[in-house]
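Please see the structure below; I have some questions.
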Amino acid sequence: MHVPTPADFHELDRWGIIEDPTAAITDYSEARERARWANERHQRAHDEHAENTSEAFLDDPQSYFRSLERPIDRPKWAYLKRRKAWFHPPVGWDRFAAPGTARLLDVGCGDGDQTLRVAEHVAGRWVAADYDGFPLEVVGVDLSASRVENARRLADSPHPKITVRFEQGDVLDGLGYADDFFDYSLAMGLFEVLDDDHATAALDEMTRLSAHGMYVRDLLDEYPGLQPRPHLAESLTDRGFESVASHRVFEEPFVEEGTRDPLAVWPMNVHQVLFAAASAPPDPTDRY
Ligand SMILES: C[S@@+](CC[C@H](N)C(=O)[O-])C[C@H]1O[C@@H](n2cnc3c(N)ncnc32)[C@H](O)[C@@H]1O
């Protein structure tokens, strides 16, 4: 990926997510999902991504992430933050801005760019409502110390009432918080990198920690070493989280002739975006 230029940033703005942050949801259709494969640029980008999968990742994904060394500079981080906003529509995020929410958890937060978008969404809602806000803690956890270092260096709180904090941690070992410590948790691209046993363990731990609900974005396409899970919403229901929203989105806006991302970071993959709310949230007096 070359150093993004102001023109590259401007091109992303033309995707329309400033005017409508959920534009990816209306952009998707089943017909378009099929039509992607007739598109030579998408097919080639897909095949190149599949072929270039790291051997270390295929051998042992957890060791791969744990030992990953990937410092990122601010222009790339800012570009990817804006680029990824397309396929992380803020479905259900208004709940994070409502009084009663105190803590949010982003598991597998990577470089913290989408974690920061969550904090910015809340701050934006408060400002739009001319409201001062309330103390809110947003915690990002990732297995990769290098990515946590990136997040700490680059993701600053957008509002005086919001604390943004990043920790190195392994959700499979259990995160050291009390049951229902967080109001909501998010997993953006986490389950797709976990095998079935690990995905179950991660989901159990997030269920234990989340009093009110979960937001999930996860890949649905087939790639070596990645695990599409079209029935993930049912796994949430089985754990007491009822579906509030379930969508499919492309990784970038659909165009007949191929990718529109100026830096061509990813093919036009399909993802699921889920928001599920606890059907029987705990009594507040039973929480911490
Ligand atoms: C595909 S990346 C997604 C990163 C970020 N959420 C985003 O949307 O850009 C998956 C992330 O999950 C993290 N991860 C994998 N296994 C984990 C585990 N056991 N505990 C915590 N994080 C984990 C990886 O280190 C990686 O940063």
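Here, each number is a calculation from the coordinates, and none is a lab measurement. Predicted, not measured: the structure shown is a model, and the values here were computed from it. Cβ coordinates were reconstructed from backbone atoms using ideal geometry, including for glycine residues, and neighbour counts include every protein chain displayed.
If you take every residue apart from Val127 with its C-beta less than 13 Å away from the C-beta of Val127, what net charge results, scoring Lys and Arg +1 and Asp and Glu -1? List each step's numbers first, then the result.
Numbers: positive: Arg125, Lys161; negative: Glu120, Asp130, Asp132.
Surrounding charge for Val127 is -1.
Something else now. Calculate the dipole size of the stretch 145-240 relative to its Cα centre from +1 charges on Lys and Arg beta carbons and -1 charges on Asp and Glu beta carbons; express the result in debye to the nearest 20.
Working: 9 positive and 19 negative charges, 126 e Å.
Dipole size: approximately 600 debye.
Another question, if that's okay. Mind giving me the FRET efficiency for Asp20 and Asp59? R0 is 41 Å, r the Cβ-Cβ distance, nearest 0.05 is fine. Numbers along the way, then the final one.
Working: r = 42 Å, r/R0 = 1.02.
It comes out at approximately 0.50.
Continuing with the same structure: If you take every residue apart from Gly213 with its C-beta less than 10 Å away from the C-beta of Gly213, what net charge results, scoring Lys and Arg +1 and Asp and Glu -1?
Net of charged neighbours comes to -1.
Any idea what angle helix 196-209 forms with the longest principal axis of the chain, computed on alpha-carbon atoms, 0 to 90 degrees, nearest 10?
Taking the Cα atoms of the chain, the angle to 196-209 is about 40 degrees.
If you add up the charges near Ser146, with Lys and Arg at +1 and Asp and Glu at -1, over every other residue whose beta carbon is less than 12 angstrom from its beta carbon, what do you get? Kindly include the intermediate steps, with their values, before the conclusion.
Details: positive: Arg66, Arg70, Arg147, Arg152, Arg153; negative: Glu69, Asp111, Asp142, Glu149.
With Lys, Arg at +1 and Asp, Glu at -1, the net is +1.
Using a 7 Å offset from Cα along Cα-Cβ at Trp37, what residues in the stretch 211-229 end up with backbone N under 13 Å from the label point?
221-222
Relative contact order, percent, of the chain when contacts are C-alpha pairs under 8 Å separated by at least 6 residues? Could you put the intermediate results ahead of the total?
Working: 531 pairs, mean separation 64.6, N = 288.
Relative contact order for the chain comes out at 22 percent.
Sticking with this structure for a sec: How much mean residue ellipticity at 222 nm does the chain get from its helices, if each DSSP H run of length 4 or more adds -39500 (n - 2.57) and you divide by all residues, to the nearest 500 deg cm²/dmol? Mind showing how you got there, number by number?
Working: 11 runs with 101 residues, N = 288.
Counting only the DSSP helices, I get -10000 deg cm²/dmol.
At 7 Å along Cα-to-Cβ for each site, give me the label-to-label distance between Ser157 and Arg44 in nm.
About 4.8 nm, to one decimal.
For the chain, what class follows from the C-alpha gyration tensor (a ≥ b ≥ c being the square roots of its eigenvalues): rounded when a/c is under 1.5, otherwise prolate if a/b is larger than b/c, else oblate? Don't skip to the end; give the middle numbers.
Values: a/c = 1.44, a/b = 1.29, b/c = 1.11.
Rounded shape, in that the Cα axes give a/c under 1.5.
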